[in-house]
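S.K.: I'd like to ask you about the structure that follows.
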Amino acid sequence: MEEPMSKQSGPMKQQSGRERFFPGMADQLWNDWRWQYRHRVREVEELARLLPFDPQELETLRAFKDDLHLAVTPYCLSLIDPDDPADPIRRQVVPSTLEFEEQERCSRDPLGEEAHTPVGGIVHKYPDRALFIATNICPAYCRYCTRRRKWLEKRRPKTLNQLDAMISYVRETPSIRDVLFSGGDPFSLSLPIFSHCLKALDAIPHVEIIRIATRYPVVLPQRFDEELLKVLSGYSSLWMVTHFNHPNELTAESAAACRKVLRAGIPVNNQSVLLRGVNDNVETMLKLCRGLLKIGVRPYYLFQCDPVQGAEHLRTSVWTGVKIIEKMRGFTSGLAVPTFVVDTEGGGKVPLNSNYCLQSNGDSLLLRNYEGKLFRYRNPPP
Ligand SMILES: *Cc1c(COP(=O)(O)O)cnc(C)c1O
Ligand code: SF4
């Protein structure tokens, strides 16, 4: 099927990267998700053949080679500009020696998830919704991942028995009306296993919606083949949540993946993580969020990066996030503006926002608009 042309087809960045890293690669292989998956770069030596490294940095990474938990798909690699050591995609997926510095104030489990795990694989913090973590495998490993602790476990999906125990927990807990497949990436499961979970969860009367959080559209968009789409289109309860962090990730391929999912009747939202040197300024975030709207994806959350051991160098102040949102709200489509949230240890997400109500005196409010102009507003009694 022909994809509708994007209104303004920007420079196809990944095309040049593809030629550079994988010259003469046939489309048939490049577009085959299995080929992409099998040819993920897993070793620092292989990466060093493709991207330049500072010699000292490379020496240290070699010393830690068994603990790097490195994976980058050829497609994702093709988005990286090798001449830019600060490339925003590179910063997200290529390990840094800074990860191995002792970070005393960081945690292995910064959100206190283990304490809210009634059954292995379930995180149940909020009354009416629960996370369903079916695997610890991802197509690419994001260096800032909150669940880096899961990388230390052997890489494998949950067994069928474990998955069935997770499904039973949801079935026996009638307060849960929203189940979120969360990372490791659910589309890393074999299709029959994924389909089994989906079918079982969808059949539970109190489960009203199922969300699938995935980074496949960003790092391996070829995954959305007819076989997968056929499974997904069987459920009216589904939502998908993507994880784009930078406008360079918006390519013809990632747009096509999102379009296919939308056409299957599944709404698509996006969650970004605020990352130092990647997207921590208003220009980048505006370009990302407007670009997402153009491909039918609604920016949902912007997360403060969690204080997870190994990611401190990618974190920035929460006020950076608040200011970015303040400079978006009112200046562009409200649909393009995500909610900025900080996740607490055990207490869930807290939204942080600029203050727009400067005074409240009886029935009189003093409000500030996006341009900083002040307005009196008469507030009727409750
Ligand atoms: C983020 C999260 C959810 C979903 O929260 P929403 O605000 O509904 O998107 C559910 N459970 C846990 C543990 C979470 O971290
Ligand atoms: S895709 Fe999600 S779970 Fe996987 S490494 Fe990235 S942030 Fe972590």
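The values are calculated or read from the model by the stated rules, or taken from the named source; none is laboratory data. Only a predicted model underlies this, so the values are computations on that prediction, with no experimental measurement involved. Neighbour counts run over all protein chains shown; Cβ positions are idealised from the backbone, glycine included. Surface areas here come from the heavy atoms of the whole protein model, side chains and all, with no ligands, DNA or RNA. Shrake-Rupley method; radii C 1.70, N 1.55, O 1.52, S 1.80 Å.
S.K.: Greater than 28 Å separation of Cα atoms is the criterion. Which listed pairs, 230/287; 65/287; 230/294, meet it?
M.R.: 230/287; 65/287
S.K.: In region 16-158, what percent of the accessible surface is made up of carbon and sulfur (1.4 Å probe, ligands and nucleic acids excluded)?
M.R.: For region 16-158, the apolar C and S fraction of the accessible surface comes to 49 percent.
S.K.: Cα-based Rg (one decimal) and Dmax (whole number) for the chain, in Å?
M.R.: For the chain, the Cα radius of gyration and maximum Cα-Cα distance read 21.6, 72 Å.
S.K.: Also, I was wondering about something else. What number do you get for region 212-263 when its Cα radius of gyration is normalised by 2.2 N^0.38 Å, N = residues?
M.R.: 1.09
S.K.: Over region 227-382, what percent of the accessible surface lies on carbon and sulfur atoms, probe 1.4 Å?
M.R.: Percent of accessible area from carbon and sulfur atoms in region 227-382: 54.
S.K.: Could you estimate the translational diffusion coefficient of region 284-382 from the Stokes-Einstein equation, with Rh from the Kirkwood formula over C-alpha pairs, at 37 °C and 0.692 mPa s, in whole µm²/s?
M.R.: 210 µm²/s
S.K.: Using the heavy atoms of the protein chains alone and a 1.4 angstrom probe, what is the accessible area of the chain per residue in square angstrom?
M.R.: For the chain, the per-residue accessible area is 48 Å².
S.K.: From the alpha carbon gyration tensor of region 177-252, can you work out the equivalent ellipsoid semi-axes (sqrt of 5 times each eigenvalue) and give them in Å, largest to smallest?
M.R.: 23, 14, 10
S.K.: Springs between alpha-carbon pairs under 10 angstrom, Gaussian network model over the chain: which of 274, 163, 352 fluctuates most?
M.R.: It is 352.
S.K.: Here's another thing I want to ask about it. On a straight-distance basis, which lysines could pair with residue 349 in a cross-link, Cα separation under 23 angstrom, same-chain partners fewer than 8 positions away excluded?
M.R.: Straight-line reach from residue 349, under 23 Å: 125, 150, 323, 327.
S.K.: In whole Å, what are the Cα extents of region 117-197 along the three principal axes, biggest one first?
M.R.: Projected onto its principal axes, the Cα set of region 117-197 covers 35, 27, 17 Å.
S.K.: Over all alpha-carbon pairs of region 266-327, lay out the pair-distance distribution in 5 Å bins, whole %, shortest bin first.
M.R.: Going from the shortest bin to the longest, the percentages are 4, 18, 27, 23, 16, 9, 3, 0.
S.K.: Tell me the mean residue ellipticity at 222 nm calculated for the chain from its helices only (DSSP H runs of n ≥ 4, each -39500 (n - 2.57), averaged over every residue, nearest 500).
M.R.: -8500 deg cm²/dmol
S.K.: Which whole-number percentage describes the relative contact order of the chain, with Cα contacts under 8 Å and a sequence gap of 6 or more?
M.R.: It rounds to 15 percent for the chain.
S.K.: In what sequence, highest mean first, do 151-157, 304-310, 123-129, 321-327 appear when ranked by Cβ atoms within 10 angstrom?
M.R.: Final packing ranking: 304-310, 321-327, 123-129, 151-157.
S.K.: A follow-up question, please. Counting C-alpha atoms alone, how compact is region 158-307: give Rg to one decimal and Dmax as a whole number, in angstrom.
M.R.: Radius of gyration, then largest Cα-Cα span, for region 158-307: 16.0, 47 Å.
S.K.: What are the semi-axes of the equivalent ellipsoid of region 25-147, taken as the square roots of 5 times the eigenvalues of the Cα gyration tensor, listed largest first and rounded to whole Å?
M.R.: 30, 22, 12
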